[in-house]
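The values are calculated or read from the model by the stated rules, or taken from the named source; none is laboratory data. Everything numeric in this text was worked out from a predicted model, so none of it was measured. Every residue, glycine among them, receives a Cβ derived from its backbone with ideal geometry; neighbour counts consider all protein chains shown. We work out accessible area using only protein heavy atoms, side chains counted, and drop any ligands, DNA or RNA first. Shrake-Rupley method; radii C 1.70, N 1.55, O 1.52, S 1.80 Å.
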Amino acid sequence: MCGIVGYVGDKKVVPILLDGLKRLEYRGYDSAGIAVLEEEGILSEKCAGKVSALEKLLGGKSFQSTTGIAHTRWATHGEPTDLNAHPHLDCKKQIAVVHNGIIENYRSLKELLSSKGHIFTSDTDTEILAHLIEEYYGGDLVEAVRTALSQVEGTYGIAVICKENPEEIVAARHGSPLVIGRGQGENLVASDCSAIIRHTNQVVYLEDREIARITKNEFSISTINKVEVTPHVQEVSWSLDQIEKGGYSHFMLKEINEQPITLQNAMRGRLNYEEGTSRLNGLNLQYEELHNINRIILSACGTSWHAALIGEYLIEDFASIPVEVEYASEFRYRSPIIQDGTVVFLISQSGETADTLAALREAKRKGATVLGICNVVGSTIARETDGGVYIHAGPEIGVASTKAFTSQITVLTLLALLLGRMRNLSLEKGREIIDSLKKIHQQVEFLLQNDNYIKEIAKEYYKKNNFLYLGRGINYPLALEGALKLKEISYIHAEGYPAAEMKHGPIALIDENMPAVVIAIKDNVYDKVLSNIEEIKARNGKVIAIATEGDREIAGRVDHVIYIPSTSEQLTPLLTIIPLQLLAYHMAVLRGCHIDQPRNLAKSVTVE
Ligand code: G6P
């Protein structure tokens with residue numbers, strides 16, 4: 001949420017900052033700005049709108065600077081206006097700050113600073129940081145930032161420049177991620193590696209309550225309490241290609257189409273056919289410890305929460321371990337019961353979601369073993385958990401999560417298999433699942449070829465304002481995810497329901513203007529779902545069914561059928577999701593929506 005990038009080196013900084021901002025834009029995109037150190041002092045330009053609006057604003061102006069910071073915003077305090085856009089400057093225009101996070105005590109600090117004569121020009125919480133640093137500045141920017149931050153309650157990832165300290169950026173983090181990129185004769189700082197990877201793959205993740213002084217040839221890190229920290233340099237394993245569109249019109253479409261590969265990556269080296277189980281060494285748990293697990297809590301937000309719901313079915317089915325699924329935002333404020341043998345898994349694509357991180361810390365505080373299922377290597381959740389499993393989906397840029405979701409389900413399947421085979425799951429069933437997993441990427445590939453057919457369906461329905469998604473059993477969470485995908489990117493109101501619940505309310509909404517997408521695969525509740533379809537048809541509702549290949553019966557009862565190849569029942573979500581993702585995508589394109597940057601959303605939600 002909010003993207004920060006800063007550069008200090010020998011190159012002209014403005015193009016580097018703009019490129020970084022474009023790569024970070026998925027984190028927030030309601031306004032953007034830069035501040036650079038020119039000979040005459042700090043020059044700052046900012047405006048409401050996307051990075052392209054900032055680029056236009058800067059067009060034609062010439063900048064010589066080789067040091068600067070930039071920001072793309074997702075508004076929390078103050079509307080997305082030119083004035084509220086970052087960077088924010090102090091009264092003397094000597095200090096510029098970009099910030100990701102929320103300063104909770106900003107009102108009292110603002111009052112205090114106003115009483116000392118500071119003049120504020122925005123409605124943001126961030127602006128107080130610039131004035132607070134100004135208040136303490138006496139020649140050493142790190143010290144001024146340190147003192148200012150000691151007054152602050154809340155979360156921050158900040159980058160600061162100062163007229164008096166050219167060729168220096170000071171960065172600090174508490175709760176909002178920041179990473180330093182170590183180059184040769186140049187160094188960078190950013191909210192995540194995507195803004196840095198073009199320049200270097202050597203990175204250092206800042207920890208909470210750390211401050212860094214970054215110059216072109218070196219950087220040093222200390223804690224807010226002045227303890228020096230030895231930087232741990234890590235190598236980013238992915239490349240620039242992975243964060244480019246590669247010929248697709250949108251990142252979302254690229255990521256949907258990457259799933260045959262990402263699914264294989266999620267299971268690579270982890271299948272043990274011989275024993276019908278999986279290997280997940282990253283869990284860091286001994287056989288005995290895995291065997292002693294008697295309750296599992298899966299906690300997450302958004303799409304990751306839907307993956308967790310599927311995980312609940314899988315783990316209970318394969319391993320007979322009771323599973324609870326909790327929204328991280330609820331878990332953190334309840335009094336969750338953690339007993340001996342309870343393990344908490346946090347599921348997060350970004351590994352930075354504020355609520356999920358808070359749930360992690362709460363579970364840890366209560367003595368639970370906390371494990372992560374994350375995509376972003378080195379992310380805060382990955383680092384703070386006792387162990388876990390990376391899903392290896394590669395960078396996901398589209399705000400609406402697609403490939404991370406299927407990779408999360410794959411990893412949860414492997415986890416259920418591992419725990420199941422230590423308990424009652426038979427070798428035969430274990431091997432059946434592995435056989436099905438091995439084929440799944442080809443089946444996804446086949447489904448992706450249905451794209452034109454799904455586009456045709458989308459053409460018929462994209463003007464509708466409401467949709468109902470229904471599913472049962474392990475495909476009920478898919479109804480939720482299908483509805484979420486549609487509302488996120490097309491702004492069509494959509495609700496996901498367990499099919500049998502329709503008669504307890506949503507049926508009142510059914511008419512010719514309320515189409516229903518029904519997941520009706522051949523499983524033990526197939527006949528019941530068919531009855532639900534009849535109930536919709538009897539009320540003139542339109543039905544798009546997702547059905548099992550070869551099911552001719554359903555074709556006569558619904559308006560459209562999208563067939564999925566047959567697989568083990570427990571793996572069907574990996575297939576049923578593909579047409580749902582494509583349907584949402586095409587409807588949003590037809591409605592002229594911003595696919596990769598839907599309004600009001602952000603990819604990595606680092607505020608509560
Ligand atoms: C945001 C994104 C969603 C995502 C959710 C959880 O709301 O827009 O796509 O599912 O955060 O993110 P995480 O990174 O924790 O999986």
GluC sites (Glu not before Pro) restricted to the stretch 341-411 and DSSP loop, no more than 11 other C-beta within 10 Å = none
inquiry  = If you split all Cα-Cα distances of the stretch 506-608 into 5 Å bins from zero, what percentages do you get per bin, shortest first?
reply    = 2, 11, 19, 18, 17, 14, 10, 7, 2, 0
remark   = Checked against a 26 Å limit on the C-alpha separation, the offending pairs among LYS364/LYS403; LYS438/LYS522; LYS46/LYS254; LYS245/LYS464 are LYS364/LYS403; LYS46/LYS254; LYS245/LYS464
message = Below 8 Å between Cα atoms, with a sequence gap of 6+, how large is the relative contact order for the stretch 474-608 in percent?
response = 28 percent
query = Using only Cα atoms, what is the ratio of the radius of gyration of the chain to 2.2 N^0.38 Å?
reply = 1.01
key: Charge dipole magnitude, Cβ of K and R +1, D and E -1 - the chain, Cα centre, debye nearest 20   = 680 debye
request  = Report, in degrees rounded to the nearest 10, the 0 to 90 angle that the Cα long axis of helix 573-590 makes with the longest principal axis of the chain.
outcome  = 60 degrees
message = Let me check against my output: what whole-number percent is the relative contact order of the chain, with C-alpha pairs under 8 Å and at least 6 apart?
response = 12 percent
inquiry  = Suppose all protein chains stay in the model; what accessible area per residue would a 1.4 Å probe give for the chain, in Å²?
reply    = 38 Å²
ask   = To the nearest 0.05, how large is the calculated FRET efficiency for GLN449 and LYS93 if R₀ is 56 Å and r is the Cβ-Cβ distance?
value = 0.45
ask   = Among the aspartates and glutamates, which have Cα under 15 Å from the Cα of LYS216 when same-chain residues fewer than 8 positions away are ignored?
value = ASP10, GLU167, GLU168, GLU186
task = Give the carbon-plus-sulfur fraction of the accessible surface of the chain in %, rounded to a whole number; probe 1.4 Å, heavy atoms of protein chains only.
result = 46 percent
inquiry  = Per DSSP helix of 4 or more residues, -39500 (n - 2.57); summed, then divided by the residues of the chain. What does that give at 222 nm, rounded to the nearest 500?
reply    = -10500 deg cm²/dmol
request  = Take the cross-link list LYS542/LYS603; LYS485/LYS603; LYS22/LYS61 and give me the ones stretching past 25 Å between alpha-carbons.
outcome  = LYS542/LYS603
request  = Please determine, in degrees from 0 to 90 and to the nearest 10, the orientation of helix 127-136 with respect to the longest principal axis defined by the Cα atoms of the chain, where the helix direction is its Cα long axis.
outcome  = 40 degrees
message = If I fit a long axis through the Cα atoms of helix 427-448 and take the longest principal axis of the Cα atoms of the chain, what angle between them do I get, 0 to 90°, rounded to 10?
response = 70 degrees
query = Ordering GLU274, GLU207, GLU330 by how much accessible area each has at a 1.4 Å probe, largest first, what is the list?
reply = GLU274, GLU330, GLU207
